[in-house]
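Q: A single structure is presented below for examination.
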Amino acid sequence: MEISSRYNPSQIEGKWYAYWMDKGYFRSVPDGRKPFTIVIPPPNVTGVLHMGHILNNTIQDILIRRARMQGYNACWVPGTDHASIATEAKVVHMLKEKGITKKDIGREEFMEYAWQWKEKHGGIILQQLKRLGISCDWDRLKFTMDDSLSESVIAVFVDLYRKGFIYRGVRMVNWDPKALTAVSDEEVVYKEVQSKLYYVRYQIEGSEGEYITIATTRPETILGDTAVCVHPDDERYQHLKGRRVLVPLLNRSVPLIADEYVDPVFGTGALKITPAHDINDYQLGIKYKLDTINIFNDDGSLNESAGLLVGMDRFQAREAIIPLLEAGGYLVKVEDYVNKIGYSERTQEVIEPKLSVQWFCDMQSLAAPALEVVMKEEVRFFPDKLKNTYAHWMENVKDWCISRQLWWGHRIPAYYLPNQEVVVAATQEEAYHIALEKYPELKLRISDLRQDEDVLDTWFSSWLWPITVFDGMRYPENEDIRYYYPTSVLITAPDIIFFWVARMIMAGMEWRGEIPFRDVYFTGMVRDKLRRKMSKSLGNSPDPIDLMDTYGTDGVRMGMLLSSPAGNDLMFDESLCEQGRNFNNKIWNALRLIKGWKVDDKQAMPAHARIAVDWFDARFNQVLAEIDDAFLKYRLSDALMSMYKLIWDDFCAYFLEIVKPPYQQAIDTETYQSACANLGRLMQVLHPFMPFITEEVWHALYGEEKGDIVVSSMPQTQAYDAKIIHTFAFSIEVVEQIRRLRTENNIAPKQRLDLFILYHDKEDVFKEVISKLCNLSAVYETNSKREDALSFVVHKQEFFIPFSNAININVEEEKAKLQEEINYLQGFLTSVEKKLSNPSFVQNAPEKVVDVERKKQNDARQKLSLLQEKIERLK
């Protein structure tokens, strides 16, 4: 196989992905092996690849590829989410450009347009994910509105309704005036904003010029006020008990009530009460039987009930009402005020609290078993700290508003009868038969049944995802669900721990009686170097496809992982992708170096090569054990960094430098085969992280002889010799010191040197390795110090390089360097001895800590002694 001079990702990535797909390597069917299963967090069908997708899917791919190589039956199920709000907004916008509205065409035709849009645009993100190299079983591709999944969603609604968990009622909901739908509490994002606090006075009814002043951030809602409230113990307002006040501009008479809900310290201690447009006011309205006046249309404009500013947008009305209040003498003052405002997560529109008839799901009973399995660590969280966040939400869970005022999605299977009764059933036909049996006197026709117009919250299908992708709701004993469920691990972000993770655990416990996954690995948020969340509006989010074009897919995968500890935010820096590309080039150059050697099968293996081979085998197994441990803890960035150092430092900088033959000379067969084998097993361990270059290198090494790396067997940790690792590390420290002396004394690399090792207290050292790496002519042992030599100390061991005509040392410079090192050590020794002279430290610190300090003291004293001797010799 001819190896090009440069590694070119664009020429090999598409080739290998197509090859893996053709071979069916990602396909999984139940068999006798142990399964390792992941279900993809389904991206929105409207979506395109962003940096969060890169991080999340790279991690999933690493885990699934590694499991495949470890002999598991690896199954990664891909899919997309129908994303009701986002997709409907896209389709509405498309129709608007054609001069069409939803109302113009009706539901059925709108759904046709929506499906056409999905078919045209819905596959974009899937193709982009393939570019990332993810090894999903694409034959199992699912969509949350596939027939099998839709049937399951409807069946779950019916089941929960019949169990009494789902109900319909008027409640205060979070209304999105842009999407024109209710959203759940979890879909509201609160942001701190700079607002205004308006002080407005209300006249006491029947008085001459007596007023009570309230403070509000929403003066436009004065038009919906039905009371003013004070604290019952507030002395300022005791004389007003039982009185009524007049709403400014409207002169509507409303009661003045007293309730402990009011904070006497906030504003004036008096609150305006608008039950239709504030959740707390709504509760007070129920408690005191207040009137409820809804002054807003669904789009956030004022309706006829407002009496003033009808048809005006709520924020325009806020500005417009101020001069009216001023003109009437009602506005007392305006102050700057910082408060938190709720925004729709999907549209970024300011949420409007709104009384609305909605469908809700009672979560209390569902939450209890789902909380227990996490607290008992039947489901493990990584990082563990998120258990507390999860527990707090589950212990205070609220009913889930599951209805959305949209057309794209799973239509609620509730059917209204002419007598205003409702029947819930999976199909209209089933509902019709139930209605006939229940209300025979109505003599119903099927056309008399009117289905609810709303659809279910998108998360109502997503919470069933680990079950429905295996069709486990419709066929709970089918082969797939019994084999693949529970899944092995879920990779997701902490911001949907309530939306999705908690609800999937609830669903698993409710319908399968078991957890949906064993582990949950929470990635962090991808941020820029300034710690800002990446977003299109800030312009700080690079295009992942552009990154892959520039640095190669493997380079981008590595760049994302280098700084992605579980649960902590990732500070993305494009230079990390460049580091990934450089790593690719390093590997490629190592391959070219090895494959460029001429092999002599009659040549014997030299001693330095034998040491290098034995050492690298031990070092490989040592690092492999570290990597295995890191994977158990989901410390994938640590595992990658261990691999990076093993290849860059141990393999390239040391192993290859030791074993490579002299210029234009041949290498022996055993050393060459060891070099190839070592690079091969390094590629196997690296493959889950960087799949493309590893497959290319593997085939360059072995051709078709060993098959494909993607399905090769992952190396397993073997027992290793720790002593050889220690001795080699000591030898490398010696090498670094000799190289330092060469540099400092301008000794040419080609100049061969002699090295003397003082025999006293001698540590083992690999003389052959040092000789090869430092171009030494000989290494000797001596019983006495050499006066005519440069010297250095490693671990209390002294080494000498005799002066020669080729070594011109500047004595004064050398003495100054030694004195600087002595001064540092003396300061260090003083700090250690000060600590050891403190009786409180010696008596109270753990014995091991005290022993470490005493060792530091002893080592520093010995090194000081050696350095002072060196200065004396120079004199």
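The values are calculated or read from the model by the stated rules, or taken from the named source; none is laboratory data. Small disclaimer: the values here were computed from a predicted structure and weren't measured. In this analysis, Cβ positions are derived from the backbone assuming ideal geometry, glycine residues included, and neighbour counts consider all displayed protein chains. Quick note on the areas: whole protein, heavy atoms, side chains included, nothing else; ligands and nucleic acids left out. Shrake-Rupley method; radii C 1.70, N 1.55, O 1.52, S 1.80 Å.
Q: In what order, largest first, do 392, 231, 50 sit by accessible area if the probe radius is 1.4 Å?
A: Ranking 392, 231, 50 by accessible area, largest first, yields 392, 50, 231.
Q: Also, I was wondering about something else. Leaving out ligands and nucleic acids, and using a 1.4 Å probe, what accessible area per residue does the chain come to in Å²?
A: Result: 45 Å² per residue.
Q: Still on this model: Just read off the accessible area of residue 459 with the full protein assembly in place, 1.4 Å probe, to the nearest 10 Å².
A: Surface accessible to solvent at residue 459 totals approximately 40 Å².
Q: Next up: Under the rule of -39500 (n - 2.57) per DSSP H run of 4 or more residues, summed and divided by the residues of the chain, what mean residue ellipticity at 222 nm is obtained, to the nearest 500 deg cm²/dmol?
A: Taken over the chain, the calculation gives -13500 deg cm²/dmol.
Q: Please list, ordered by chain and number, the residues whose modelled amide H lies under 5 Å from the amide H of residue 780; skip anything fewer than 5 residues away on the same chain.
A: 755, 756, 757
Q: When DSSP assigns beta bridges and you keep just the ones with both residues in the stretch 191-348, what percent turn out antiparallel, to the nearest 5?
A: 90 percent
Q: Let me ask something else. Taking the Cα centroid of the stretch 62-131 and of the stretch 421-444, what is the distance between the two, rounded to the nearest whole Å?
A: If you average the Cα positions of each part, the centres end up 35 Å apart.
Q: Sticking with this structure for a sec: Would you kindly calculate the mean projected area, averaged across all directions, of the convex hull enclosing the Cα atoms of the stretch 1-73, in square nanometres?
A: About 7.4 nm², averaged over all directions.
Q: Antiparallel DSSP bridges in the chain: what percent, to the nearest 5?
A: So the antiparallel bridges in the chain amount to around 70 percent.
Q: Please give the solvent-accessible surface of residue 365 in Å², to the nearest 10, using a probe radius of 1.4 Å with every protein chain present.
A: 70 Å²
Q: Hey, another quick one. How many nm separate the modelled label positions at residue 426 and residue 185, each set 7 Å beyond the Cα in the direction of the Cβ?
A: Output for this residue pair reads 3.3 nm.
Q: Tell me which residues come under 5 Å, amide H to amide H, from residue 410 once H is placed; ignore anything under 5 positions away on its chain.
A: 456
Q: For the stretch 486-492, what does the Karplus curve 6.51 cos²θ - 1.76 cosθ + 1.60, with θ = phi - 60°, yield as ³J(HN,Hα) per residue in whole Hz, taken in order and with x for Gly and Pro?
A: Working through the residues one at a time gives x, 6, 7, 8, 10, 10, 7 Hz.
Q: Next question. Measuring from label point to label point, each 7 Å out along Cα→Cβ, what is the residue 514 to residue 395 span in nm?
A: Using points 7 Å along Cα→Cβ, the separation is 3.0 nm.
Q: Let me ask something else about it. What size of dipole, in debye to the nearest 20, comes out for the chain about its Cα centre when the only charges are +1 on Lys and Arg C-beta atoms and -1 on Asp and Glu C-beta atoms?
A: Charge dipole, the chain, about its Cα centre: 1580 debye, nearest 20.
Q: What would the Debye formula give as log10 I(q)/I(0) at q = 0.18 Å⁻¹ for the alpha-carbon point model of the stretch 516-669, no solvent?
A: The calculated log intensity ratios at q = 0.18 Å⁻¹ are -1.11.
Q: Can you work out the FRET efficiency for the pair residue 236 and residue 294, with r the C-beta to C-beta distance and R0 = 35 Å, to the nearest 0.05?
A: 0.65
Q: Output the pairs from 834/863; 23/706; 645/723; 96/354 with a Cα-Cα distance over 23 Å in this structure; if there are none, say none.
A: Over 23 Å apart, Cα to Cα: 96/354.
Q: Compute log10 of I(q)/I(0) for the stretch 191-348 with the Debye formula, placing one identical point scatterer on every Cα and leaving out solvent, at q = 0.15 Å⁻¹, to two decimals.
A: For the requested q values the scattering log ratios are -0.81.
Q: Here's something else I'd like to know. Quick one: compute the contact order of the chain, relative version, from alpha carbon pairs under 8 angstrom and 6+ residues apart, as a percent.
A: 12 percent
Q: Rounded to the nearest 10 Å², what accessible area does residue 263 have for a 1.4 Å probe in the complete protein model?
A: Per-residue accessible area (residue 263): approximately 80 Å².
Q: Tabulate in residue order the Karplus-calculated ³J(HN,Hα) for the stretch 335-344, using 6.51 cos²θ - 1.76 cosθ + 1.60 with θ = phi - 60°, rounded to whole Hz; enter x for Gly and Pro.
A: Using θ = phi - 60°, the values come out as 10, 5, 8, 9, 9, 9, 10, x, 10, 5 Hz.
Q: Sorted by packing (mean other beta-carbon atoms within 10 Å per residue), highest first, where do 280-289, 327-336 land?
A: So the order, starting with the most tightly packed, is 280-289, 327-336.
Q: Tell me the Kirkwood hydrodynamic radius of the chain in angstroms, computed as one over the mean inverse distance between distinct C-alpha pairs.
A: By the Kirkwood definition, the hydrodynamic radius is 33.4 Å.
Q: List the trypsin sites (Lys or Arg not before Pro) in the stretch 571-637 that DSSP assigns to loop (not H, G, I, E or B) and whose Cβ has at most 13 other Cβ atoms within 10 Å. Which are they?
A: 598, 602, 633
Q: Here's a follow-up. Using the basic label-point model (7 angstrom from Cα toward the beta carbon), what is the residue 310 to residue 22 distance in nanometres?
A: For the pair residue 310/residue 22, the computed spacing is 7.2 nm.
Q: Right, another one. Rank-order 204-212, 294-302 by packing density, defined as the average count of other C-beta atoms within 10 Å over each peptide's residues, highest first.
A: Peptide ranking by packing, descending: 294-302, 204-212.
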